[in-house]
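Written out below as structure tokens is the structure these notes cover.
The values are calculated or read from the model by the stated rules, or taken from the named source; none is laboratory data. Since the model is a prediction, treat every value here as computed from it, not as a measurement. We place every Cβ from the backbone using ideal geometry, glycine too, and count neighbours over all the protein chains shown.
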Amino acid sequence: MADKSSNTPAKAAKPVLLSGGNPQIPKGHGEAPVQAYIEAMPGWKQEVGRRLDALIERAVPGVQKGVKWNSPLYGAPDAPPDHWFVSFHCFDRYVKVTFFQGASLRPAPPETSKYPDIRYFHIHEDDALDETQFADWVKQASQLPNEKM
């Protein structure tokens with residue numbers, strides 16, 4: 001008699017959530033690893049991830065995507081592989097958006113970094129996201145030199 005369990009697709013294991021609830025997702029290029037990251041984002045952060053991904057796609061048609069260091073990364077359509085302009089990452093109380101050339105954006109995102117070129121934008125659970133400003137930052141950032149990582 002045949003073993004019916006061998007015909008049942010294996011359920012994928014849920015990604016491990018690291019410190020702050022950040023999903024542990026294997027490094028990879030393209031849409032699939034980014035969507036795996038977003039699907040693994042805990043609670044309210046998942047909807048933030050979906051909105052950020054959609055806004056970035058709308059602002060920069062043909063944007064390149066990947067996951068590295070357990071964070072989704074986005075690169076300009078004409079950028080070389082492994083060159084990125086924005087990323088996001090889960091923390092306990094917020095989602096941190098990193099603009100790698102953020103100090104050149106006008107207006108610059110509000111949070112500074114120990115690295116002079118980088119600026120951050122934090123999104124907390126009850127924050128209203130100014131989608132127009134965010135899309136403008138994304139467009140500007142995509143036109144600046146992308147960071148090789």
field: Of all residues making up the range 118-140, the number that are outside any loop (DSSP other than H, G, I, E, B) and not β-branched (V, I, T)
entry: 13
message: Can you pull out every residue in the range 46-66 that is of a type in the set (K, R), in contact (Cβ under 8 Å) with a residue 60 or more places away in the chain and buried (at least 17 other Cβ atoms within 10 Å of the Cβ)?
response: none
statement: Note on the range 18-34: residues buried (at least 16 other Cβ atoms within 10 Å of the Cβ) and under 18 Å from Y94 (Cα atoms) are G21, N22, P23
- prompt: Does the range 55-65 contain at least one residue that is at pLDDT 95 or above, of a type in the set (D, E, K, R), within 13 Å of the chain's Cα centre (by Cα) and outside any helix (DSSP H, G or I)?
  reply: yes
query: Which residues, taken from the range 1-29, are charged (D, E, K, R) and modelled with pLDDT of 50 or more?
result: K14, K27
task: Please indicate, with yes or no, whether at least one residue in the range 93-108 is surrounded by fewer than 14 Cβ atoms within 10 Å (Cβ to Cβ) and under 14 Å from V34 (Cβ atoms).
output: no
field: Boolean, A32 is at pLDDT 95 or above and not acidic (D, E)
entry: yes
Residue within the range 72-79 that is out of contact with any helix residue (DSSP H, G or I) (no Cβ under 9 Å at 6 or more places or on another chain), within 28 Å of S19 (Cα to Cα) and assigned to a loop (DSSP other than H, G, I, E, B) present: no
query: For the range 124-149, what are the residues that are of a type in the set (A, V, I, L, M), under 15 Å from I56 (Cα atoms) and in contact (Cβ under 8 Å) with a residue 60 or more places away in the chain?
result: L129, A135, V138
- request: Could you list, in sequence order, all residues of the range 78-97 that are without any contact (Cβ under 8 Å) to a residue 24 or more places away in the chain and within 25 Å of P26 (Cβ to Cβ)?
  value: S87
When residues of the range 20-35 are limited to those that are under 15 Å from L52 (Cβ atoms) and part of a helix (DSSP H, G or I), the one nearest to the chain's Cα centre (by Cα): V34
